[in-house]
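**Student:** Handing you a structure now.
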Amino acid sequence: MALLQTEGLVAHYGDFQALFGVDIELREAETVAIIGANGAGKTTLMRSIAGVLRNEAASVSFDGAPIGAQAADEIMAQGVAMVPEGRKLFPSLSVEENLLIGTYGRKTEGHWTLKTVYELFPILAERRHNPGTALSGGQQQMVAIGRALMSNPRVLLCDEISLGLAPVVIKDIYKAIPQIKAAGASMIVVEQDIAQAMAVADRVYCMMEGRVTLSGTPDNLSRDDIHNAYFGASH
Amino acid sequence: QGAKIRLGYVSPQSGPLAAFSEADQFIIDGFLRSEAGANFEVIVKDSQSNPNRAAEVAKELIIDDEIDMMLVASTPETTNPVATTCESEEIPVISTVAPWQPYFIGQQGNPGDPGSWRPFDFSFHFFWGLEDVISVFTAMWNQLDTNKSVGAIFPNDGDGNAWGDPNVGFPPVLDAQGFNLTDTGRYQNLTDDFSAQINAFKAANCEIVTGVPIPPDFTTFWTQAKQQGFNPKAASIGKAILFPQAVEALGDQGHNLSSEVWWSPTHPFASSLTGQSAGDLASGYETATGKQWTQPIGFVHALFEMAADVMGRVEDSRDPDEVASAIAATELNSMVGRIAFDGAGLPPFAVQNVAKTPLVGGQWRMKDGGGYDLVIVDNSDHPNIPTGGTMEEIS
Amino acid sequence: MSILSLKNVSKSFGALTVTDDASFDVPEGQALGIIGPNGAGKSTLFNLITGNIRSDQGNIHFQGRDVTKVSAMERCLTGIGRSFQIPQPFEKLTVFENLLVAATHGRNLSERDVRDDCADVLERTELIKRANVPAGQLSLLERKRLELSRAMATQPKLLLLDEIAGGLTEGECQALIRTIKDIHAQGVTIIWIEHVLHALTSVVERLLVLDFGKVIGLGDPDEIMASKEVQEIYLGIEV
Amino acid sequence: MIWVDTIIQGILLGGLYALFASGLSLVFGIMRLVNLAHGDLIVMGAYLILVLVTLLGLSPFIAVFIAMPLMFALGWVLQKYLLNRTLGDDILPPLLVTFGLSIALQNALLEGFSADSQRLPTNALTTASVDAGPITLGVMPLLTFASAVLVIIGLNQLFYRTALGRAFRATSDDATTASLMGIKPANIFATATGIALVIVTIAALYLGLRANFDPNIGPARLIYAFEAVIIGGLGSLWGTLLGGIIIGVAQTVGAAINPEWQILAGHIAFLVVLLIRPRGLFPRAND
Amino acid sequence: MAYTVTTQTPASRIAAILGALVIVVLVALPFFAGRGTIQDMFFILTMLVLAQFWNLLAGYGGLVSIGQQAFVGMGAYALFGTVILWGLDPVPSILLAGVAALVIAVPTAFFAFRLNGAYFAIGTWVIAEVVRLLVAQWKTLGGGTGTSLPRDATRDMWFVEMIEETLGVRSAAARDILAYWLALILALATIGGIYWLLRTRRGLALAAVRDNTEAAKSVGVDAGRMKWIVFLTSAFGTGLAGGLIYMQKARISPDAAFSVTDWTAYVIFIVVIGGIGTVEGPIIGVLVFFALQSLLADFGSWYLMTLGVLAIVIMLVAPRGLWGLLSERTGLHLFPIRRRLTGGKLTASEE
Ligand SMILES: Nc1ncnc2c1ncn2[C@@H]1O[C@H](COP(=O)(O)OP(=O)(O)OP(=O)(O)O)[C@@H](O)[C@H]1O
Ligand SMILES: Nc1ncnc2c1ncn2[C@@H]1O[C@H](COP(=O)(O)OP(=O)(O)OP(=O)(O)O)[C@@H](O)[C@H]1O
Ligand SMILES: CC(C)C[C@H](N)C(=O)O
Ligand SMILES: [Mg+2]
Ligand SMILES: [Mg+2]
């Protein structure tokens, strides 16, 4: 059974419809990647799952229970944490405070504590008293991931964690993913970097214009499939 | 005749000035119950303590309610907009409870240019003037042994500007009587700090304080004065300590503060309407409302006495000119003394529109069981009004 | 003569340097493509050229005039038109009114004078049927077309296009290419940021590669695409 | 010497303004809410204390501690069920709603307590003073100033030393992302307004002890409180204190030159500070 | 085939005809209505003018000012100044009232435009206070006491005698009628002018800036200049209204003329209740406000309490005001500004 599932998920920004009936699922201990061009609706999907955008109760279910209508804080308290696009650190908080605030709504015992997060990203321990926003992009991304981990989530949603980062830094960040999985989190990763997505994912969904246009495992998706799904047509 | 005479009455029933009209209902009920009152209908409007609103409701009364005459009381903020409106609408109006200078000069286009001042045709006013309050205050101060150095707090409002006026206000008279006045200038109402004034008074070694602040400002001033070690022998204050609640708000710091007294239960006057004495009226109010008497009671009552008297002398109450002439011809012994527009004690320009009523001086004395009593301590200008004691220094 | 020239332009957001000492010239009438990975600073470069953000360092010349400190509005009036990567329609105005704003203000003409031009642009971008629909109700593709149309309505000498082909079907993509070629043929200088490389390369004469805010390649599209560096950083998935 | 006295009196006055402003600063800083009813809430607090004093025969200094939880609850409910619904980019809804609240509150107090001016019962402390060299300072103003400083220290402790404070700051930075941390922004805001009303109660105590109050006196001080908040810099509590002091000192110095310029001088100081630093003295980096 | 642009709709054509009828009735009103009605209409019209200008400022220009009383007060004092000190007739002085407001609007804008959002709102409020306090020091016009218009000046005002004779009314009534007609002209000019502005390319630019400032700048809209135009126009119009209102009141004081409650808070109330960002909104709003006042004003503090609660309720239930609610449901626009392209390829299939 799926741990997390969307069914016929729709989303609007005012008059503008951004999602048109999206069905995806995430199974226990799985990593799912979502790829798609700019504006395809990937972030909107993440925000809908996390409860930032409210939906019909039945359109999102977690652990068999409908959560689509719940608020972000309620969903988070059940164990769905998100690393938002653009990192979204709190500028008024130091690195350590940014991490600590991750436990505000869910104080579950588990692998992740300040100590283990610092072990995962040692550089953060050095910069713990700096304002989060004084860090480089990659370090900020580490804080954002650490912040989400602090609540020991069962599902971790990562939106474009490699955006705007140098390949070496991206490598560093992606190195953390196996450890995150090992600690027991299932993940949905949004990526525009298709190679990266293929490398970490058990399954891939490709979105275009608010719809899932393709899904499968990295092995059975051909480059052409992806290209078609991504850009609409081959040349 | 049949139809009743319609009186419009504007007063500040809500807002910061509402204390002035607390007795309105009591007085109006009494008036309508009286024999003369039976011919009248009184339409009351609330100015909300707002001059804009006062002018608006005055106009409504004139136009929509088609009143025959307007009555208005309580501070220039209420009387002036209403009187101005009536004058331009050519409806007779009688006002009171504002010294006549702010009433008269305050309605002139250019108050600074006496040559441009014009009398009114339909607007009449009875109350005392600054010359009276100055005379009362100086008489009270002269009862004490002081260095004749006076500090003044005059705000930048209708009253403050009149009291501090270099021509008609305190300064020339005090100067003539050998008092030395320290006037630091017109501050804005609801000022939170009076150190500047206190420092100036201390520097001038003032033993007397006077002024016409609003109640919260006087409390601020007085408290700060005490805190900063400024302890004058006499403090004669207009407006702020008019009402007992305001004095009570000073805690025990209100003892022996002095003020002008325009009306009290011991005034030897009686109502031309009901024959009640001042004392009867005050105690009637106290039993009816459970509140302590206040000075406006007598004057609001007198306003309705005026209405009854004037309308009793006209053929056609709907003829503004006739009513205006009847007002001008008034000679009435009222609850607040004799009212007549005969120019007694007035400069020529105000003769036509103003009638003066007597003024004496009083001091607030702390009662044993708490609360304060107003005791008349000076009656030099009107010896027929009995005193209840003599002026005491603030200890 | 070059219509646009950047000299040592840099821009940082906090610690992040998004444009790093960029210098290049665009000859009048040329079509230049810009490619680079996500977050490389392509859109930021546009914002610097249009004046929507100010550079920290360096100079930008347009038609020989130093416009580094000139406002976005004035730069538009001197002939720089742009589309936004994330469409920024005037949502409460209709499609036609969106164009009217651009045409009347961008060209400083009266509504009457530009009416037919706007209609013409809408016909060319196939938005004419939606002319009277409030822009807020458009779909994503229509919004992108509106971006292009609105930029065209200002009749710019330099047209900046930011990812307008993403998500188009092959047919739509060809139509778009025709439209852009058309504009280009009228002598308008074009700078086009695009991930859909075949569309880009079928129009542009030169290609600029951006990585970490740095210009790491500029030249003939084929040569650029063939260079190892570009293969590696940009077409990572292809190799 | 008079000048030293003038400035010290100004600083003490600034303490009063800062006390009036701290609650406003908290609410404005955390949720950008312009609360036009703040002054009236202070007056309401003063009446609440007065009622407690009269009914229970308590000293105002004790009564204030009973008033605080009541005011906290009021603030919480007010924010949660009314003001939260006005938050957003548009500043008009909060303006109109709090304006409505302001006139409703004023007139409700007028109905309930009449227009008579009131004062909390005073004692020797009210007029007590201490001599500091050639200058005499009132105990009450000193107490007011000390309370303002204590309130600001307390708030700073809360803000920078507790999990709740972290949540305040995070929510203020970005309520949406905060909700991803399991924070309920609506409750955080309600708590903030609750705390603001606790401070309002302290301000009310000094308002009521210092001079008379009546139901209409609230708005007059509101503008100084706003000035203090704005020139201090959004969200900076020490800035608010400094802002209050700047306005207080400007007023007393202006008055020393001529009382006609007293209030004007305060406003001018505000405008000058904003002219030089449009975002106040200690603006937050990120807005 | 050629394209054409229209803004009219069938509804707006009917509205225009009805509007013309209403205007005729309003112009002729003094010939058959009582003074009470004229008075009420004067109040309605002047508040409407203030509301339209505040709406222009906040609803179209995004400048939420709570300092409009500065311009009302300045206009009013300028009128009193010119009449009392220069001996000018009050009627032409109204124009100077507008000019005076404009004069203080320039430095106000220089300062206030440095501020945003809530800072702008509070900043304009403080500036209005400063102007009030300065005017309160103007001793020749009564300082804090205030002053009244000389009776001679109001009695011999332009046109008054003419109205007295034509309509056979007393001079006080004639003055009311004159003030009413001036208010009517001002209100019609205001609505007409604002509607005209919205239909020019400047109006289009205003809407664009409101929707998306950054994009507007990128298509050549001078957003800064739009702010200036809107601010100065509102100041001028508000000053005219201030002059007219106080010409009719004939008495002024700083506290009254610079009252933030009377001239800004109630005006905001009117606009928001009616529907901000529409020409129709303030019209509805002022009618509601007037109705409330006539029904409830005699209940003193209960009236104000009701007003306060109503402000809260409307903001929560219908944030776009009564007109917003109505036009959302019906699509009705009495003052349409949407430009519809017709003809050409659009003829065949219209929507
Ligand atoms: N707050 C918003 N208001 C209006 N439209 C929005 C908003 N956020 C996103 N959109 C629109 O919704 C569509 C989907 O956006 P979304 O951010 O989900 O895409 P994405 O796939 O995450 O793209 P990217 O790769 O750029 O992050 C886009 O057209 C975008 O313009
Ligand atoms: N206003 C801003 N403040 C802070 N950082 C910004 C801002 N604008 C852009 N950035 C950052 O600058 C970097 C470059 O952004 P830019 O939008 O220019 O990239 P791009 O090359 O256009 O990417 P894409 O292909 O995704 O459109 C990104 O990391 C982005 O997060
Ligand atoms: C995926 C794209 C970026 C490249 C495309 N497949 C090409 O062959 O040009
Ligand atoms: Mg995204
Ligand atoms: Mg980009």
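The values are calculated or read from the model by the stated rules, or taken from the named source; none is laboratory data. Small disclaimer: the values here were computed from a predicted structure and weren't measured. Virtual Cβ from ideal backbone geometry, glycine too; neighbours counted across all protein chains shown. For accessibility, only protein heavy atoms count, side chains too; no ligands or nucleic acids. Shrake-Rupley method; radii C 1.70, N 1.55, O 1.52, S 1.80 Å.
**Student:** Could you tell me whether the stretch C:19-33 includes any residue that is within 14 Å of another protein chain (Cβ to nearest Cβ) and part of a loop (DSSP other than H, G, I, E, B)?
**Tutor:** We begin by selecting, within the stretch C:19-33, every residue within 14 Å of another protein chain (Cβ to nearest Cβ); these are C:19-20.
Narrowing further to those that are part of a loop (DSSP other than H, G, I, E, B): none.
Within the stretch C:19-33 (the criterion being within 14 Å of another protein chain (Cβ to nearest Cβ) and part of a loop (DSSP other than H, G, I, E, B)), the answer is no, since none of the residues qualifies.
**Student:** Return the total of residues in the stretch D:103-123 being open to solvent by less than 30 Å² (accessible area, probe 1.4 Å) and either charged (D, E, K, R) or at the interface with another protein chain (Cβ under 7 Å from one of its Cβ atoms) (or both).
**Tutor:** The qualifying residues number 8.
**Student:** Quick check: is even one residue across the stretch C:206-220 within 14 Å of ligand 3 (Cβ to nearest atom) and farther than 22 Å from residue C:105 by Cβ?
**Tutor:** Yes, because at least one residue in the stretch C:206-220 is within 14 Å of ligand 3 (Cβ to nearest atom) and farther than 22 Å from residue C:105 by Cβ.
**Student:** Does the stretch A:85-106 contain at least one residue that is in contact (Cβ under 8 Å) with a residue 60 or more places away in the chain and out of contact with any Asp or Glu (no Cβ under 9 Å at 6 or more places or on another chain)?
**Tutor:** Taking the stretch A:85-106 and keeping what is in contact (Cβ under 8 Å) with a residue 60 or more places away in the chain, we get A:85-86.
Those left that are additionally out of contact with any Asp or Glu (no Cβ under 9 Å at 6 or more places or on another chain): none.
Checked the stretch A:85-106: no residue is in contact (Cβ under 8 Å) with a residue 60 or more places away in the chain and out of contact with any Asp or Glu (no Cβ under 9 Å at 6 or more places or on another chain).
**Student:** Determine, yes or no, whether residue A:162 is assigned to a loop (DSSP other than H, G, I, E, B) and within 16 Å of ligand 5 (Cβ to nearest atom).
**Tutor:** Yes.
**Student:** Conditions first: (1) open to solvent by 30 Å² or more (accessible area, probe 1.4 Å); (2) in contact (Cβ under 8 Å) with a residue 12 or more places away in the chain. Residue B:211 passes all but one, so which condition is the exception?
**Tutor:** It fails just one condition, (1).
**Student:** For the stretch C:4-44, name all the residues that are aliphatic (A, V, I, L, M) and more than 14 Å from ligand 5 (Cβ to nearest atom). Can you show your working first?
**Tutor:** Initially, the stretch C:4-44 is screened for residues aliphatic (A, V, I, L, M), giving C:4, C:6, C:9, C:15-16, C:18, C:22, C:26, C:31-32, C:34-35, C:40.
Those that are aliphatic (A, V, I, L, M) and more than 14 Å from ligand 5 (Cβ to nearest atom): C:4, C:6, C:9, C:15, C:16, C:22, C:26, C:31, C:32.
**Student:** Anything in the stretch D:35-70 that is of a type in the set (A, V, I, L, M) and under 15 Å from residue D:20 (Cβ atoms)? List them, or say none.
**Tutor:** Matches in the stretch D:35-70: D:36, D:37, D:41, D:42, D:43, D:44, D:46.
**Student:** Just one of the numbered conditions (1) out of contact with any strand residue (DSSP E or B) (no Cβ under 8 Å at 6 or more places or on another chain); (2) outside any helix (DSSP H, G or I); (3) surrounded by fewer than 23 Cβ atoms within 10 Å (Cβ to Cβ) is not true of residue B:263; which one?
**Tutor:** Exception for residue B:263: condition (3).
**Student:** Something else: Can you pull out the residues in the stretch B:62-78 that are away from chain E (no Cβ under 11 Å) and within 16 Å of residue B:44 (Cβ to Cβ)?
**Tutor:** B:67, B:68, B:69, B:70, B:71, B:72, B:73, B:74, B:78 - these are the residues of the stretch B:62-78 that are away from chain E (no Cβ under 11 Å) and within 16 Å of residue B:44 (Cβ to Cβ).
**Student:** Would the stretch A:142-158 turn up any residue that is open to solvent by less than 10 Å² (accessible area, probe 1.4 Å) and under 30 Å from residue C:139 (Cα atoms)?
**Tutor:** Yes - at least one qualifying residue is present in the stretch A:142-158.
**Student:** Can you name the helices (runs of 4 or more DSSP H) wholly within the stretch B:1-90 that have at least 3 residues being farther than 22 Å from residue E:294 by Cα?
**Tutor:** It comes to B:24-33, B:76-89.
**Student:** Let me ask something else about it. Being of a type in the set (D, E, K, R), out of contact with any helix residue (DSSP H, G or I) (no Cβ under 6 Å at 6 or more places or on another chain) and at negative phi narrows it down to one of C:112, C:130, so name that one. First the steps, then the outcome.
**Tutor:** Numbers: C:130 fails: out of contact with any helix residue (DSSP H, G or I) (no Cβ under 6 Å at 6 or more places or on another chain).
From the options C:112, C:130, the qualifying one is C:112.
**Student:** If you scan the stretch A:185-199, which residues turn out to be more than 16 Å from ligand 3 (Cβ to nearest atom) and modelled with pLDDT under 90?
**Tutor:** A:199
**Student:** Right, something else. With the requirement that a residue be within 16 Å of ligand 3 (Cβ to nearest atom) and either open to solvent by 30 Å² or more (accessible area, probe 1.4 Å) or more than 17 Å from residue A:193 (Cβ to Cβ) (or both), what does the stretch C:31-47 give you?
**Tutor:** Of everything in the stretch C:31-47, those that are within 16 Å of ligand 3 (Cβ to nearest atom) and either open to solvent by 30 Å² or more (accessible area, probe 1.4 Å) or more than 17 Å from residue A:193 (Cβ to Cβ) (or both) turn out to be C:33, C:34, C:37, C:38, C:39.
**Student:** Could you tell me whether the stretch C:172-195 includes any residue that is more than 22 Å from residue C:32 (Cβ to Cβ) and either modelled with pLDDT of 90 or more or at the interface with another protein chain (Cβ under 10 Å from one of its Cβ atoms) (or both)?
**Tutor:** Scanning the stretch C:172-195 turns up at least one residue that is more than 22 Å from residue C:32 (Cβ to Cβ) and either modelled with pLDDT of 90 or more or at the interface with another protein chain (Cβ under 10 Å from one of its Cβ atoms) (or both).
**Student:** Still on this structure, I have one more. When residues of the stretch C:189-203 are filtered for being β-branched (Val, Ile, Thr) and either open to solvent by 10 Å² or more (accessible area, probe 1.4 Å) or farther than 20 Å from residue C:80 by Cα (or both), how many remain? Spell out how you get there, then give the answer.
**Tutor:** Applying the first criterion (β-branched (Val, Ile, Thr)) to the stretch C:189-203 yields C:189-191, C:193, C:196, C:201, C:203.
Checking which are either open to solvent by 10 Å² or more (accessible area, probe 1.4 Å) or farther than 20 Å from residue C:80 by Cα (or both) leaves us with C:196, C:201, C:203.
Going through the stretch C:189-203 one residue at a time, the tally reaches 3.
**Student:** Given (1) open to solvent by 20 Å² or more (accessible area, probe 1.4 Å); (2) modelled with pLDDT under 85, where does residue E:154 come up short, assuming only one miss?
**Tutor:** Just one mismatch for residue E:154, condition (1).
**Student:** What number goes with the only condition from (1) out of contact with any Leu (no Cβ under 7 Å at 6 or more places or on another chain); (2) under 24 Å from residue A:176 (Cβ atoms); (3) away from ligand 1 (no atom under 16 Å from the Cβ) that residue A:4 does not pass?
**Tutor:** With (1) out of contact with any Leu (no Cβ under 7 Å at 6 or more places or on another chain); (2) under 24 Å from residue A:176 (Cβ atoms); (3) away from ligand 1 (no atom under 16 Å from the Cβ) applied to residue A:4, the lone miss is (1).
**Student:** Still on this structure, please answer the following. Applying the selection to the stretch B:285-341, what residues are open to solvent by less than 10 Å² (accessible area, probe 1.4 Å), β-branched (Val, Ile, Thr) and closer than 26 Å to residue B:89 by Cβ?
**Tutor:** B:300, B:310, B:323, B:327, B:330, B:339
**Student:** Tell me the helices (runs of 4 or more DSSP H) entirely within the stretch E:66-178 that contain at least 1 residues that are among the basic types (Lys, Arg) and touching a residue at least 12 places away in the same chain (Cβ under 8 Å).
**Tutor:** In the stretch E:66-178, E:117-135, E:151-155 are the helices (runs of 4 or more DSSP H) which contain 1 or more residues that are among the basic types (Lys, Arg) and touching a residue at least 12 places away in the same chain (Cβ under 8 Å).
**Student:** I would also like to ask the following. Do any helices (runs of 4 or more DSSP H) entirely within the stretch E:215-277 hold 1 or more residues that are touching a helix residue (DSSP H, G or I) at 6+ places or on another chain (Cβ under 9 Å), within 14 Å of chain C (Cβ to nearest Cβ) and farther than 30 Å from residue E:322 by Cα, and if so, which?
**Tutor:** So the answer is E:223-249.
**Student:** Applying the selection to the stretch B:346-379, what residues are in contact with a Leu (Cβ under 6 Å, 6 or more places away or on another chain) and within 17 Å of residue B:246 (Cα to Cα)?
**Tutor:** Within the stretch B:346-379, B:362, B:364 meet the criteria.
**Student:** Could you tell me whether the stretch E:9-17 includes any residue that is in a loop (DSSP other than H, G, I, E, B) and among the polar types (S, T, N, Q)?
**Tutor:** yes
**Student:** Just a yes or no: is a residue in the stretch C:82-101 in contact (Cβ under 8 Å) with a residue 40 or more places away in the chain, charged (D, E, K, R) and within 16 Å of ligand 3 (Cβ to nearest atom)?
**Tutor:** no
**Student:** Would you please name the residue that is nearest to ligand 2 (Cβ to nearest atom), looking only at residues in the stretch C:13-26 that are in contact (Cβ under 8 Å) with a residue 40 or more places away in the chain and open to solvent by 40 Å² or more (accessible area, probe 1.4 Å)?
**Tutor:** Checking each candidate, the answer is C:17.
**Student:** Related question: Do we have residue D:155 as out of contact with any Lys or Arg (no Cβ under 6 Å at 6 or more places or on another chain), open to solvent by less than 20 Å² (accessible area, probe 1.4 Å) and hydrophobic (A, V, I, L, M, F, W, C) here?
**Tutor:** Criteria met by residue D:155.
**Student:** Identify all residues within the stretch E:20-38 that are in a helix (DSSP H, G or I), among the aliphatic types (A, V, I, L, M) and within 14 Å of another protein chain (Cβ to nearest Cβ); write none if there are none.
**Tutor:** Initial filter on the stretch E:20-38 (in a helix (DSSP H, G or I)): E:20-32, E:35-38.
From the residues that got through so far, the ones that are among the aliphatic types (A, V, I, L, M) too are E:20-29, E:38.
E:38, the sole residue that qualifies.
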